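Input: a single structure, listed below in structure tokens.
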Amino acid sequence: MNNFVYDIPVKVYFGENQLGNLGEELKKYGKRVLLTYGGGSIKKIGLYDKVIAEIKNAGLEIFELSGIEPNPRITSVNKGAEICKNEKIDVLLAVGGGSTIDATKFIGAGAFYDGDVWDIITRKVPVTNCLPIVTVLTLSATGSEMDAGGVISNLETKDKIGYMHPMLLPKVSFLDPTNTYTVSPYQTACGSADIMSHIIEVYFNMNQDLYMLDSIAEALMKTVIKYTPIAMKEPENYEARANLMWASSWAINGFINGGKRQAWSCHPVEHELSAYYDITHGLGLAILTPRWMGYTLDETTVSKFYQFGCNVFEIDKNMEPMAVAKKSIEMLSDFLFKTLGLKSTFTEIGIDDTNFSIMAKKAINGGLKYAFKPLNAQDVENIFRMCL
Ligand code: NZQ
Ligand code: ZN
């Protein structure tokens, strides 16, 4: 194992009926709270009223920013940063999925910058500080509730850029699986495809000495495979929602990285799809991942696919490694497209080859030459064509 630093200082309240601690937690950071949320799902599910009651009971002042978009836009981030500066906000409370939490992270950083927050995301200026962030998660997917990253879109420039900084880590996250009961079967499937991809991005590497971390990654993937179909059929199945929720946080909170130094493969590529076509992140990953696997499978990588096939899909260990590898990709495709019912091609979601070349060129800036199997722009274009 390589050397690494393990530091995940996010306090987690997991489970039902923990919201009573919200006021106390917010109070630690000040009096003026900016509540951020998306297009209104938190009102429909009754969570908005509960959160407002907790904030009021704690004697805190509430300001609001609603309407944060899926694939959150820089315009919403700038709006939020302005509110923070004008209203002298002390603490941010993000209630929603990854988009709301991601936007809130950059609102918190933008509160300390007099300018367009896009300058931070494009690395023209550094993050110097961030307002404290508390989250109430409503969708199991991105892991934003327990990681230091966020991804913001700019419609004008057709960019979707990820950024990580330890100052962006939430201080506290409330993870109540019952808040995800209303997530639609489609969003549940997309969320699970995202969780699965976060694990795959770090699991597929050629380090040989990661038995403990690999075993945990395999258990997380099996958790997603076991519980997603249950959550889709029985939306109020607590066991399924709880297992998915905790898996989503642990897939990307840094623990399973354990010093692995390779760049991610499918995420930088998918972010281009979301930037150009505003598709759901998990859907893009679902379509890309099996094709990326097929493209990267060869004699040098087959051992990892063999491990994946035997340990995650329980394929017969006595089969030839290449046969196991191919079957594992087939089984992953079946899981994503048959069991979860996600669309399996770009054509079905209205994407043709018009932007393949420009998207591929932009995607490789994400460091793809350092990936599990190094990829150049032509490789990315080839993978795009496999998805048509
Ligand atoms: O906007 P509202 O009305 O809240 O509705 C949302 C939205 O339409 C809805 N929803 C959320 N919770 C719900 C619910 N509907 C019913 N009941 C509930 N309990 O679901 C829709 C999608 O929400 P969104 O927040 O966009 O989904 P997700 O959590 O998948 O976030 C996706 C964003 O996160 C980024 C993605 O690129 C994308 O922009 N990512 C963030 C990462 C990170 N911070 O580390 C890593 C990921 O790889 C990812 O890139
Ligand atoms: Zn993701």
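The values are calculated or read from the model by the stated rules, or taken from the named source; none is laboratory data. Note that the structure is a prediction, hence the values are computed from the model and not measured. No Cβ is skipped: glycine too gets one built from the backbone with ideal geometry, and neighbour counts run over all protein chains shown.
Checked against the criterion of being surrounded by 20 or more Cβ atoms within 10 Å (Cβ to Cβ), within 12 Å of ligand 1 (Cβ to nearest atom) and not assigned by the TED database to the domain that holds Tyr238, the candidates Gly96, Gly80, Gly40 yield just one match: Gly96. Of everything listed in (1) under 30 Å from Leu92 (Cα atoms); (2) aliphatic (A, V, I, L, M); (3) more than 16 Å from ligand 2 (Cβ to nearest atom), the single unmet condition for Met206 is (1).
Per the conditions (1) closer than 25 Å to Glu381 by Cβ; (2) in a helix (DSSP H, G or I); (3) in contact (Cβ under 8 Å) with a residue 60 or more places away in the chain, the sole criterion not satisfied by Ile351 is (2). All of (1) closer than 30 Å to Leu19 by Cβ; (2) not in a loop (DSSP other than H, G, I, E, B) hold for Pro170 with one exception: (2).
Among residues of the stretch 196-221 that are in contact (Cβ under 8 Å) with a residue 24 or more places away in the chain, those with a Cβ under 6 angstrom from a residue that is surrounded by fewer than 15 Cβ atoms within 10 Å (Cβ to Cβ) and not polar (S, T, N, Q), sequence gap 6+ or separate chain, pair up as Asp209/Met1. Taking the stretch 58-77 as the range and being among the β-branched types (Val, Ile, Thr) and either more than 14 Å from Gly150 (Cβ to Cβ) or more than 14 Å from ligand 1 (Cβ to nearest atom) (or both) as the test, the residues that pass are Ile62, Thr75. Of the candidates Ala193, Ala217, the single residue that is within 18 Å of Asp334 (Cα to Cα), small (Gly, Ala, Ser) and either in the same structural domain as Val269 (by the TED database) or surrounded by fewer than 18 Cβ atoms within 10 Å (Cβ to Cβ) (or both) is Ala193. The helices (runs of 4 or more DSSP H) found entirely in the stretch 6-106 that carry 3 or more residues being within 17 Å of Val134 (Cβ to Cβ) are 22-27, 47-57, 74-87. Every condition in (1) within 22 Å of Leu65 (Cβ to Cβ); (2) buried (at least 18 other Cβ atoms within 10 Å of the Cβ); (3) away from ligand 2 (no atom under 16 Å from the Cβ) holds for Val151 except the one numbered (3).
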